Each structure stands twice: as structure tokens, then as C-alpha cells.
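Worksheet: the structure to be examined is printed underneath.
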Amino acid sequence: MERAVRIIILSVIFLASQINCQEAILHISNGSTDREYCIVHNHSWTPLSETLDAALQYPLVNMTSTVLCNATGVSPDVVKGKALVVMRGDCGFSQKALVAQSLGATTLLIASSKSLITPSANDSEYAKIHIPLALMRYRDLLEAQQVFGEGMQVKLYAPPHSKIDASIAVMLLIAIVTVALGGYWSGAGERDRLNGVGPRGGGGESKADSGELFLYSPLKVVFFVALMCGMLVLMYFFYNVLVYVIIGIFCLASASALFSCLDAVMEKLGCGTGSFSIRNFNLSVRSLILAAVCISIAVVWGVYRNEDRWIWILQDLLGIAFCLNFMKTISLSNFKICVILLSLLLVYDVFFVFITPFFTKNGVSIMVQVALGPDASGEKTQGNMVEVPAEPQAPSEKLPVVMRVPRFSAWAQNLCGMQFSILGYGDIIVPGLLVAYCSRFDVWINSSKKIYFVSCCIAYLLGMIVTFAVMLLSGMGQPALLYLVPFTLITSAVVAGCRGEMRQFWAGTTYEVLDSSREPLMPEGRTDCSVGGERC
């Protein structure tokens, strides 16, 4: 059962996606009062001024009684030289813009009672339209009418969007610290087992007895990835039901993981356990307190999981604990298994992001659809899409499979909603399993400098930097495994090759044959790979 739960969780941790924001600001005034509202435009279609002072001001004509699919009933004298606002619906954005342009309007605003999406059109229609076009919330227009009446003057501008945000540095720090700590913890546990310091004080305890899931067979790895693919497809077709199952599993798993992490910290600090007995059951005071704290944090997250302003802190805390515990409890027995698993997951990631859009009805990849929820489809547009709710509504449920850090420089944050930089748990856990193996191999060869662990961590850091660099240059979210897997695998292989230890590094150790009382595989500095008189 525990293994099934781990497979279900791991199958939905590659679901991170970033979108290029195209929000802008609608400035309304009447000479004495000013208000600003969120609008959404297409910067490649209708570029706007970058500053309020540089933007041109026009009187606003309210024609929300029409959808402006044609010029019937609209006098050019009424709209000529003015900004025009009409209702969304019945025809495409480009058709409305062409009609408004033919009537002499200088700007077209489309009021929407649905979510605001980036307006788009066919490539052949872009060149025909020369006036700015943007979508605004209908409720914002009603509010502006109450404040300003009929004498509204409007300006549209889009402050430059900084691609480099401090949230990226925070995300990078979270990722590398989590991977390094998880790898170190795995290596420390291996050293304790070699020294006969098991969780129950016995030197002969096997990994299975300590509750660790252990992959040593290529067939198991293939079956493992196949189950993940099946789970992702099930999430695609039955999202509205399974999302609550995943949320419940995440609460239980993250609370347990947080308990394991905090308990290990307390043990390291030498905090006393203090125990008492109830009906022949020995209970630890420390464990009871930690359990209460961890369960409370998970419950608070579960109740307030859609409160964007602050709940991301708890989600990241639980996510870090979850990743650490995953890296500690799942062991890859050799480099061969690492290569097979990471390569299959790389193909899995790329296939479900880049290939599946050709098979889905709405042209949205299965990975993105599951990561963003059923509302991710929206209206199909070209290029990147941003979607802003037009009316206050119950937030749609999202899978808790990402680290989230709010963008500190998001100028439209208060108008259009909070913007986040996100990183999937899979982009931490998958390379982290290789880092953990490198850390354990350092223990097996008695490497005082932890050469494999350190080099793999550096490779992970460089891979993350390249991922963010490509993301910033392309303006699109990237499947991080596309960069992290080659960086970490190649670096580890090069280190093993340069040290003449590739054979041992590739074969690793087989826990079914060797128990935890064995000697290290090879002391550092030796060139042979004998164990107990036998060749590896």
C-alpha cells in the first residue's frame, strides 16, 4: 500500500508550467479622480506605451449594448477619435477590431464577464489592425461608471515586465538546498548502517525493514514509469475527482515527511525523547509533540490551500519536507538504474509536454492540462496565454506538486492577481535520487572529500541555471528535466571515469546479497574493486 501511494504521488510531480504575462493597466480619470484597472492584451499584436505619461488619452464611449460584430446601428461620428468599449461574444476579437477601426475608433476595449485571456487572431489578420485592443472585466467597467459617470478619459499602458525576478533566485536556492540536504541525509543514513547504527540499534537490519523503497531491477523501473504514465492519463480524464484524492494523499504524506525531517533534526541536536507507558505501549513525548505540530501544519494547508497571499509558504515547507523524505527513503542501487530511471522520466516529461498537444482536442498538452486544471484549455490562442478571472469566483483546485514563490517585481500583482514562479517537485526529486546515490557511493568508497556528491550537486546547480536562462531568453516555461538529467548523469559518469571507478559506480551494490554489516566497497585511493576476495 505504501509503495502504491508513493507511485501515485511521484506520477504527478512533473506538472510545473510557467506562462508569459501579458497584463496591462487601464488608467481612467475625469480630471480630479484617477483609478487603474487590470486589462489583458497581446503585446505582439497591439503594443502599448510603457509609461503612463507616454500613453495617449482618449474619451471613452460605452457601447456595451452591442458586441460590434458589424457596424450596423453605430454612427462613425459617435466613436471617431475615441476609445470604444463593447461586450465580448458572438465573433472573434479581430473582427471586432476591424469594425471599430473602420468606424474611426482609436482604441478597442472588450468587456468580459468571463475570464480574460490573451486576445489572438490568425496571422493574416494581425497586419490589418492598427489600433490597440485589450480585454477588461465587465465589473470594472460598472464600477468605473459609478465613480466617473459618463466623462471618462482613458489611457492604456504596459509597464516593462522584468524577466529577471528575485523569486528565481529564491527558487534556485530552495532547489539546490533541498537536493543537497536530501543527498547528505541519504549518505548519512548509509554510513550509520555501515557502522551498525540502525534505526533500531541493530547492525543487521535490511533496508526493507527500515521502510525504504528500493529499486534494483530495470524491469521494476520500467513498470514504475509505466504506472506513472497511467496515473497521469487518469488524472487527465478524471481530474475533478482525483484532484481531491491527491490533495488528501499529499496532506498525509507531507505531514509524515515533515515529522521525519523534524525528528531527525531533534535527534541530531540531542533533544531528549522522554517517554511514558499506556497499557504496555511506550509513547515518546517528543514524537507526540512533533506529530501534533506536523498534522496541524498539514491541516492548515489543506483548509487554506487556495489562499494565495500566504499559503505558498506552508506549501513550500511541506514540499521541501516531502522531497527530502522521498530522496531519503527511495534508494537506487546502482548507476545503471539511475541512467534508466532518469532517461525514461526525461522521455516521459518531454512526451507529455511537447507531443501530446497533437492528440488532445483543445491542443493543450496533457501535462499542462493536469498541472493547471480543467480551466487551462480556455479559448485556444497562439503563443503564450494569460488568463485573469473576470468575476470573483471559487478558485479551481490545483495539484500540490510545485514549489511556489510570488514574483516580487510583478507590477500588476494587485490589479490582476498574484503571479508566481513555480518549480515542480519532480525537478528536485528525480535528479535528487542520483545525488543521493552519489552520496551513498562516497560512503561505500570512504571518500572524505565526497567527490561524487559535491560534483553532482554542482552539476544540478548548473543545470538549474541553464534551465532558468533558457526560460528567460525564450519567455516560455521549460521542462527542467530536459537540462537537469544530462547535466547530472554526464557529470557523474565523467567523475567516475576520471577516477577509474566506472565499473564499481555502474554496478553499485546489491542489497539482496550484501547486508548492512559489509565493509565499504573500496577505500578511497584503491584501484581494484575487490570485495571479500571476489571481483565486483
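Which residue, of 113, 94, is among the small types (Gly, Ala, Ser), crowded, with 18+ Cβ neighbours inside 10 Å, farther than 25 Å from residue 52 by Cα and out of contact with any His (no Cβ under 7 Å at 6 or more places or on another chain)? Before you say what the answer is, go through the steps one by one.
Details: 113 fails: crowded, with 18+ Cβ neighbours inside 10 Å.
Selected residue: 94, the only one of 113, 94 that is among the small types (Gly, Ala, Ser), crowded, with 18+ Cβ neighbours inside 10 Å, farther than 25 Å from residue 52 by Cα and out of contact with any His (no Cβ under 7 Å at 6 or more places or on another chain).
Consider segment 336-360. How many of its residues are closer than 14 Å to residue 486 by Cα and either aliphatic (A, V, I, L, M) or surrounded by fewer than 20 Cβ atoms within 10 Å (Cβ to Cβ) (or both)?
Applying the first criterion (closer than 14 Å to residue 486 by Cα) to segment 336-360 yields 338-347, 349-350.
From what's left, either aliphatic (A, V, I, L, M) or surrounded by fewer than 20 Cβ atoms within 10 Å (Cβ to Cβ) (or both): 339-347, 350.
Count: 10.
Test each condition in (1) part of a helix (DSSP H, G or I); (2) surrounded by 14 or more Cβ atoms within 10 Å (Cβ to Cβ); (3) modelled with pLDDT under 95 for residue 476 and report the one that comes out false.
So residue 476 meets the others, but not (1).
Restricting the search to segment 418-433, which residues are assigned to a strand (DSSP E or B) and under 20 Å from residue 325 (Cα atoms)? First the steps, then the outcome.
First, pick out the residues of segment 418-433 that are assigned to a strand (DSSP E or B): 420-424.
Correct list: 423, 424.
For every residue, the table says whether it meets (1) outside the structural domain of residue 330 (by TED's automatic domain parsing); (2) touching a strand residue (DSSP E or B) at 6+ places or on another chain (Cβ under 9 Å); (3) of a type in the set (Phe, Trp, Tyr).
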{"position": "423", "(1), (2), (3)": "no, yes, no"}
{"position": "428", "(1), (2), (3)": "no, yes, no"}
{"position": "433", "(1), (2), (3)": "no, yes, no"}
{"position": "454", "(1), (2), (3)": "no, no, no"}
{"position": "460", "(1), (2), (3)": "no, no, yes"}
{"position": "465", "(1), (2), (3)": "no, no, no"}
{"position": "471", "(1), (2), (3)": "no, no, no"}
{"position": "483", "(1), (2), (3)": "no, no, yes"}
{"position": "489", "(1), (2), (3)": "no, no, no"}
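Select from segment 35-56 the residues that are exposed (fewer than 13 other Cβ atoms within 10 Å of the Cβ) and modelled with pLDDT of 80 or more and list them in ascending order. It would help to see each step written out before you state the result.
First, the residues of segment 35-56 that are exposed (fewer than 13 other Cβ atoms within 10 Å of the Cβ): 47, 51, 53-54.
51, 53, 54 - these are the residues of segment 35-56 that are exposed (fewer than 13 other Cβ atoms within 10 Å of the Cβ) and modelled with pLDDT of 80 or more.
Mind listing just one residue for me: the one in segment 319-335 that is small (Gly, Ala, Ser) and surrounded by 22 or more Cβ atoms within 10 Å (Cβ to Cβ) and, of those, nearest to residue 186 (Cα to Cα)? Full working, then the answer.
Kept after step one, since they are small (Gly, Ala, Ser), are these residues of segment 319-335: 319, 321, 331, 333.
Filter again for surrounded by 22 or more Cβ atoms within 10 Å (Cβ to Cβ), leaving 319, 321, 331.
On the way: 319: 18, 321: 14, 331: 8 Å.
The extreme case among them is 331.
Restricting to segment 329-340, name every residue that is of a type outside the set (Val, Ile, Thr) and either part of a strand (DSSP E or B) or within 11 Å of residue 429 (Cβ to Cβ) (or both). Quick ask: steps written out before the conclusion?
Taking segment 329-340 first, the residues of a type outside the set (Val, Ile, Thr) are 331-336, 338.
Those that are of a type outside the set (Val, Ile, Thr) and either part of a strand (DSSP E or B) or within 11 Å of residue 429 (Cβ to Cβ) (or both): 331, 332.
Does any residue in segment 49-74 that is assigned by TED's automatic domain parsing to the domain that holds residue 90 and among the charged types (D, E, K, R) come within less than 9 Å, Cβ to Cβ, of a residue that is surrounded by 13 or more Cβ atoms within 10 Å (Cβ to Cβ) and part of a loop (DSSP other than H, G, I, E, B) six or more places away or on a different chain, and which pairs are these?
Here the result reads 50/158; 50/159, each pair linking segment 49-74 to a residue that is surrounded by 13 or more Cβ atoms within 10 Å (Cβ to Cβ) and part of a loop (DSSP other than H, G, I, E, B).
For residue 253, which of the numbered conditions (1) modelled with pLDDT under 90; (2) surrounded by 12 or more Cβ atoms within 10 Å (Cβ to Cβ); (3) closer than 26 Å to residue 340 by Cβ fails to hold?
The number of the failed condition is (1).
Exactly one of (1) β-branched (Val, Ile, Thr); (2) modelled with pLDDT of 80 or more; (3) under 20 Å from residue 157 (Cβ atoms) is unmet by residue 99. Its number?
(3)
Residue by residue through segment 307-328, note down the ones that are in a helix (DSSP H, G or I), more than 19 Å from residue 180 (Cα to Cα) and without any contact (Cβ under 8 Å) to a residue 60 or more places away in the chain. Walk me through it before giving the result.
Filtering segment 307-328 for residues in a helix (DSSP H, G or I) gives 308-328.
Imposing the further condition that a residue be more than 19 Å from residue 180 (Cα to Cα) reduces the set to 308-315.
The answer is 310, 311, 313, 314.
Please state which one of 378, 363 is surrounded by 14 or more Cβ atoms within 10 Å (Cβ to Cβ), modelled with pLDDT under 85 and not aliphatic (A, V, I, L, M).
Details: 363 fails: surrounded by 14 or more Cβ atoms within 10 Å (Cβ to Cβ).
Answer to the check: 378.
Which members of segment 102-124 meet the condition of being within 21 Å of residue 26 (Cα to Cα) and modelled with pLDDT of 80 or more?
Residues of segment 102-124 within 21 Å of residue 26 (Cα to Cα): 104-120.
If the condition is that a residue be within 21 Å of residue 26 (Cα to Cα) and modelled with pLDDT of 80 or more, then 104, 105, 106, 107, 108, 109, 110, 111, 112, 113 are the ones that fit.
Any residue in segment 173-184 that's under 17 Å from residue 437 (Cα atoms): show its pairings with residues that are surrounded by fewer than 19 Cβ atoms within 10 Å (Cβ to Cβ) at Cβ separation under 8 Å, as long as the two are six or more apart or on different chains.
Filtered contacts from segment 173-184: 176/461.
Applying the selection to segment 192-212, what residues are closer than 18 Å to residue 260 by Cα, surrounded by 17 or more Cβ atoms within 10 Å (Cβ to Cβ) and modelled with pLDDT of 70 or more?
Filtering segment 192-212 down to residues closer than 18 Å to residue 260 by Cα leaves 192-193, 197-201, 207-212.
Checking which are surrounded by 17 or more Cβ atoms within 10 Å (Cβ to Cβ) leaves us with 193, 198, 207.
Answer for segment 192-212, where residues must be closer than 18 Å to residue 260 by Cα, surrounded by 17 or more Cβ atoms within 10 Å (Cβ to Cβ) and modelled with pLDDT of 70 or more: just 193.
The values are calculated or read from the model by the stated rules, or taken from the named source; none is laboratory data. Here the structure is a predicted model, which is why all the values come from computation and not from measurement. FYI the Cβ positions are ideal-geometry reconstructions off the backbone, even for glycines, and counts take in every protein chain you see.
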